[in-house]
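Have a look at the structure below before the remarks.
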Amino acid sequence: MSGALRHALLGSLSQERASGYELARRFERTLWRHAWHAQYSQIRPELDRMADDKLITVVATGARRRRTYSITRAGQAELQRWLRAPPAKFVARSEFVLRLFLLSTLDPADARTLLAPIADASAEELATLRAAVATAGTSAGAGAPLSFDRLAAEFSVRSVAALHEWARWALTELDR
């Protein structure tokens with residue numbers, strides 16, 4: 001069984017039927033991009049494997065062999081199994097954090113040059129995320145139960161806010 005991409009696709013298809021292209025766009029252009037990055041070239045072969053494994057099925061075929069997929073009961077069961085069995089150990093792997101450990105090899109001016117855009121970009125991304133979450137919250141209506149999409153979106157907001165605060169702090173420290 002493939003890793004997290006398979007489960008990200010199952011989760012996305014559990015919410016709505018989609019083609020490979022639509023799934024790639026969802027990962028690229030929605031709040032999903034904060035959870036998982038996947039390109040069409042990765043998604044397409046995984047969809048074929050998932051169909052072979054009977055986790056998804058083709059429910060429509062369109063122009064240029066475009067296929068729309070839907071999750072099967074076996075796919076739902078696999079998604080539920082995966083969600084209920086979190087990893088025994090959380091392993092953080094981030095190229096960004098690795099670069100932070102290696103910043104000491106640069107002089108402070110070069111480090112500042114690298115950190116300032118992070119502060120700026122995180123401020124912009126935070127504003128975009130907060131607007132998206134606010135819009136999503138108003139479409140749910142007053143008194144609606146908390147959606148799990150909202151929980152994930154709020155995690156993204158708080159993560160980007162932490163990154164922004166950290167970048168501002170790091171710049172202040174470099175200026176000392």
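Each value in this text was obtained by applying a stated rule to the coordinates, not by laboratory testing. On a predicted model such as this, the values are computed, not experimentally measured, just so you know. Heads up, the Cβs are rebuilt from the backbone with ideal geometry, glycines too, and the neighbour counts pull from every protein chain shown.
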Inset, instruction - Could you give the spread of the C-alpha atoms of the chain along their three principal axes, from largest to smallest, in whole angstroms? - result: 61, 42, 39
Legend entry - Cut-off under 5 Å, modelled amide H: who pairs with residue 56 long-range: 51, 72
Inset, instruction - Check each of the trypsin sites (Lys or Arg not before Pro) in the stretch 57-109 and keep only those in coil by DSSP with at most 14 other C-beta atoms within 10 angstrom; list them in order. - result: 66, 89, 93
Inset, instruction - Pairs of Cα atoms under 8 Å, at least six residues apart: use those to get the relative contact order of the chain, whole percent. - result: 19
Legend entry - Helix-only [θ]222 nm of the chain, DSSP H runs n ≥ 4, -39500 (n - 2.57) each, per residue, nearest 500: -22000 deg cm²/dmol
